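One structure is given below, encoded as structure tokens.
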Amino acid sequence: MKRYDLIVVGAGPAGLSAAIEAARCGMRVAVFDENAKPGGQLFKQIHKFFGSKEHQAKIRGYKIGETLLAEAAEAGVEVFLNATVAGIYLDKELLVQRGEVMEHFKADTIIIATGAAENMVTFEGWTLPGVIGAGAAQTMMNLYGIKPGQKVLMLGSGNVGLVVSFQLMQAGCEVVALVDAAPRVGGYGVHAAKIARCGVPFYLAHTITKAEGSNCVTGVEIAQVDDDFAPIPGTEKHFDVDTICLAVGLSPMSQLLKMAGCNMVDDPRRGGQVPQVDENGETSIPGLFAAGDVSGIEEASSAMIQGRMSGLAAAAYLGFLSEQDKDNRLADLEIALDSLHQGMFAPGSKGKTIAKTDEGIAVSQSLLKKGYLDDADLERFINRSDQTDKKSGIHPVIECTQNIPCNPCQDACTRGCIKVGKTITALPRIDAANSCTGCGMCIASCSGQAIFLVDEDYAPGYASITLPYEFLPRPQKGELGIALSRSGRPLGYAEIIDVRSAKAYDQTTLVTIKVPVEQAMTARFYQPETNAAGQ
Amino acid sequence: MTRISEHPILGETEKGRRVTFFMDGKTIEGYAGEPIAVALKAAGVMVHRYTQKAHEPRGIFCAIGRCTDCVMIVDGVPNIRTCITPLVEGMKIQTQDGVSGLEVSE
Ligand SMILES: Cc1cc2nc3c(=O)[nH]c(=O)nc-3n(C[C@H](O)[C@H](O)[C@H](O)COP(=O)(O)OP(=O)(O)OC[C@H]3O[C@@H](n4cnc5c(N)ncnc54)[C@H](O)[C@@H]3O)c2cc1C
Ligand code: SF4
Ligand code: SF4
Ligand code: FES
């Protein structure tokens, strides 16, 4: 039987981070993953991540995955793929299935980082081909280069539903509607705004009543729900779609921990049945740890920190790291983790209705119901005297109105025009004392695509607006298209006056449009005319 | 087109060699090494199997090998999860009907 100092189950961000830390302390480490590719969820995430520099913010998920794999290889971690851990027994023995073969492994410490599984909902016709999970959509389009469908309806307005909707559009699919039974958007407002300005309608307090079709999905019917989530007769709406995508939450895949005999708790805030763990992820069984989504649904950024913490704790448990070194290094990681656990979306805020931001500004109800800021919100958040740059010429407009753990905008601006401050969940502010050069780094660094550059003095009667663009075909200078509002409503013609791409922008194209000056604060997206005609 | 020829972030998808395989007797093209389910999707196939009792259609659902909705008969072997099984040139894929192959009139 093969023996290791540490065996990690799951090669996602949590598992890989744990393995890297432990191997760097001198441990012999093996990682098992049932997939043919390592990286867990990371390789399906093609958007720029939130957080701050220490959390790899503004880097796209799949690139974080590549870095982790390189680090693991360098640290001497052995990664076994197509290797499903089927059981854990007393004395830290693992049963691993590789192909048709069952093998036994023995470890002195174990870290379970198996991540989460997607939740399901049922409705008439939910088993028809064409009803798919959001993870399946991501796998098809981002790993295998195939569209999950042509016309898609998304159920679920959490970050997964919002991010996958945007990714579907990037892959060239049409998202006909975003539906959620909850009365408010569950994910980040900036993610919602990205899809709302493309014209995707939001149906909150709605649910799917049936998937239509005999051999596969040909349509879908939704209806409004009452306070008890029961469909209200007479409110049904029909859409022609070939795909229904479900993004209704994740549940920790904690079966192995249960099998190993760890004390388990039911904690809805952590996403379901999870192990009882200490601050380093150690379970009730000494030397057996849990890290990442398996011990509470969060983010890759926190999963990586939790992984590193449990890797260090495992090293200390076997004496590869002195208690003092462990304490010093864990203290830094705890601070990094804590900074992610602040703000409106903190694990402790789950299920609470938040009326005001930490700054005391009433939150945008329009953003929560329709996915975009309305005029009254602009007055409170954007047009405040301390938020508007009164100087003439180009200046940033930041439409980031919720306390989310994120600050790459602050680091991006070397001129000091954008301030978030020490608490990374604080709303970014404009410092009008510093003048903006129009370099565009803030736009490209903003994970939420919430920053725009506006110049009301571009030409007599015309303003220029620079916005982030991540679709194909890339607009060309001189092209004439349609300016869209925050809700995706056509405002009139817009001319492309500049198109910028640069390595530092990391695949985000900066498109500058010329619009009548009255649209300086309303035009927020651009649509090529060919698309507009097709809709 | 179901295949994404160029992606704004990922660029061009890396693909294996173009190969032919057979689905219920029909010749279809796909790329070697991609999941069978992906090649079928590109060819417009939605139904992978019919359930045994109710004879209901099933297709790709999870795409990561967990739900078993996408199982088919591959080279005579039933219950193969096509979403995680790589395509090989000349493979014979059959729509699964319960646990046996679907009768197809050719
Ligand atoms: C659409 C979407 C968008 C997201 N956006 C962000 C974002 O912007 N920022 C952010 O920080 N996070 C984001 N996340 C969340 C993030 O991806 C997850 O929180 C993170 O991947 C969790 O890491 P993990 O290592 O715990 O689990 P996973 O990444 O799920 O990895 C677990 C691994 O364990 C393997 N495994 C499971 N069971 C076994 C077994 N028995 N034997 C062997 N292997 C097994 C699995 O195959 C998998 O590879 C997003 C998630 C989704 C779905
Ligand atoms: S465009 Fe450049 S100078 Fe202006 S706010 Fe953004 S990062 Fe700063
Ligand atoms: S404006 Fe700043 S804090 Fe808000 S999403 Fe963009 S980068 Fe993050
Ligand atoms: S689609 Fe779920 S196992 Fe293949």
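Applying 1/(1 + (r/R0)^6) with r as the Cβ-Cβ distance of residue B:43 and residue A:507 and R0 = 45 angstrom yields a FRET efficiency of 0.90.
For residue B:51, put the label point 7 Å out on the Cα→Cβ axis and report which residues of region A:214-228 keep their amide N under 17 Å from it. Answer for this model: A:214-217.
Residue A:5 sits among other residues whose Cβ lies under 13 Å from its own Cβ, and their net charge, with Lys and Arg +1 and Asp and Glu -1, is +3.
Each peptide among A:13-23, A:315-325, A:240-250 gets the average number of other Cβ atoms lying within 10 Å of its residues, and from highest to lowest they stand as A:13-23, A:240-250, A:315-325.
Projecting the Cα atoms of A:417, A:501, A:472 onto the charge dipole of region A:376-534 (Cβ charges, centred on the Cα centre) puts A:417 farthest toward the positive pole. Proximity of backbone amide H atoms, modeled 1.01 Å from N, is registered between residue A:131 and A:217, A:244 at under 5 Å, excluding neighbours fewer than 5 places apart on the same chain. The mean number of Cβ atoms from other chains found within 10 Å of a Cβ in peptide B:5-18 is 5, as a whole number. What's the Kirkwood radius of the protein assembly as shown in Å, using all Cα pairs? Evaluated on the protein assembly as shown, it is 26.0 Å.
Hey, if you put +1 on the Cβ of every Lys and Arg and -1 on every Asp and Glu Cβ in region B:18-97, which of B:59, B:90, B:43 ends up farthest toward the positive end of that dipole? About the Cα centre, the residue reaching furthest to the positive side is B:59. With a 10 Å cut-off around each Cβ of B:33-40, the average count of Cβ atoms from other chains is 3. Between residue B:18 and residue B:3, the distance separating the two model label sites (each 7 Å from Cα on the Cα→Cβ line) works out to 0.7 nm.
Per residue of peptide A:507-516, the mean number of Cβ atoms on other chains within 10 Å of the residue Cβ is 1. For residue A:258, the lysines whose Cα comes closer than 17 Å to its Cα, not counting residues fewer than 8 places off in the same chain, are A:92. Structure note, pairs A:151/B:41; A:58/A:350; A:53/A:503: Cα-Cα distances above 23 angstrom occur for A:58/A:350. Full extension of the chain segment joining residue A:493 with residue A:215 gains 95.8 nm, where the gain is 0.36 nm per residue of separation less the Cα-Cα distance. Here the protein assembly as shown is assigned +1 on the Cβ of each Lys and Arg and -1 on the Cβ of each Asp and Glu. Its dipole about the Cα centre then comes out at about 740 debye.
Across chain A, C-alpha contacts under 8 Å between residues 6 or more apart give a mean separation that, scaled by the residue count, equals a relative contact order of 14 percent. What the Cβ-Cβ distance of residue A:437 and residue A:361 gives, at R0 = 25 Å and to the nearest 0.05, is a FRET efficiency of 0.30.
What you get for region A:376-534, charging only the Cβ of Lys and Arg (+1) and of Asp and Glu (-1), is a dipole of about 320 debye around the Cα centre.
Backbone amide hydrogens, once placed in the peptide plane, bring residue B:4 within less than 5 Å of A:146, A:147, excluding anything fewer than 5 places away on its chain. Between the residues A:343, A:121, A:427, the greatest Cα displacement towards the positive end of the dipole of the protein assembly as shown, with unit charges on the Cβ of Lys, Arg, Asp and Glu, is found for A:427. About its Cα centre, region A:120-246 has a charge dipole of approximately 540 debye under the convention of +1 per Lys or Arg Cβ and -1 per Asp or Glu Cβ, with nothing else charged. According to the Cα-based calculation, Rg over Rh for region A:389-535 is 0.96, with Rh computed by the Kirkwood formula.
Read-outs: derived from the displayed coordinates by stated rules, not from any lab. Treat the numbers as computed from the prediction; the structure is a model and nothing was measured. No Cβ is skipped: glycine too gets one built from the backbone with ideal geometry, and neighbour counts run over all protein chains shown.
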